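Please treat every number below as a calculation from the coordinates, not as lab data. The structure presented is a predicted model; accordingly, all values stated were derived computationally and were not measured. Every residue, glycine as well, gets a Cβ built from its backbone with ideal geometry; the counts of neighbours run over all protein chains shown.
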C-alpha cells in the first residue's frame, strides 16, 4: 500500500544535540511538507519542497534544516539552535500544491 | 486574530446526534480542507472544496465563499467519530490551519 512513513514515533533529545526525523513516501508525490503541532495551536509549516533538490522555508524555519535529494525522502533536522523543540512533527506529501495532502503518523520529540 | 478560526473548540455529543463544526477565515483562499486527526496523531484528509457542498457517507462539508465560512456536519454520530477535526485554507503554496475542534461522541 502507498503511504507516508515517519520514524521514529517517539524521539528524545538531550540539550545541544541535533536530531533527524525521517519521512519517506512511496506515493510518487512531487510535493512534501513538514509541520509542527503544539497543544491548542494549528499546524505550522516548517519547510516544504515542491520538487527534488529544491525546498523553501515555511513560517517557522529557524532552528530546522531539510534536504530533498530523492523524490521519496524529505528528512528534517532539528538543530540545537531550535530553543523549544518539544512538539509533535508531521510530514505530508501531495501530487502537487493543489491536491490534498497525505499525512504520516507523526513523530513526538521530547527534550531530556 | 488567527486567519482561520474554528468553533467550538470542544464538543461532546451523544451517539446519534447531528453535529456541526464551523470554520471562518479572513483571507482570500483557493480551497478549503477538512481533516480528521485520530488520538494517535495521524491525520486523514476528509474533504477539499472550493465551492458548494460535498458529501461522503455521514459527513457533509459546505462552504460559502462570500461569507468566508465553512461547516462540517456529521449525521448519526458514533463514538468512532471521536477525533480532532481541523479546518485548513489554501493560500498560494501553503495551507493555513485552524486550531482544531475536539469532538467526543458518547455511547
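Points to keep in mind about this one:
- According to the calculation over all Cα-Cα pairs in the protein assembly as shown, the P(r) per 10 Å bin from zero is 8, 33, 35, 19, 4, 0 %.
- Shape of chain B, Cα gyration tensor, a/c cut at 1.5: prolate
- Computed FRET value (nearest 0.05) for residue A:84 with residue B:76, which takes r as the C-beta separation and R₀ as 35 Å: 0.25
- Separation in nanometres of the label points that stand 7 Å from Cα toward Cβ, at residue A:56 and residue B:55: 3.7 nm
- If the convex hull is drawn through the Cα atoms of the range A:57-112, its volume per residue in Å³: 106 Å³
- Sites residue A:12 and residue B:93 - FRET efficiency at Förster radius 35 Å, r taken between beta-carbons, to 0.05: 0.60
- Averaging 1/r over every pair of different alpha carbons in the range A:2-112 and inverting the result gives a Kirkwood radius of 13.8 Å.
- Per-residue shielding of B:84-94, expressed as the average number of other chain Cβ atoms within 10 Å of the residue Cβ, stands at 3.
- Sequence ranges A:15-27, A:64-76, B:46-58, ranked by mean other-Cβ count within 10 angstrom, highest first: A:64-76, A:15-27, B:46-58
- Residue mean of other protein chain beta carbons inside 10 Å, B:28-38: 2
- Per-residue average of Cβ from other chains inside 10 Å of A:29-40: 2
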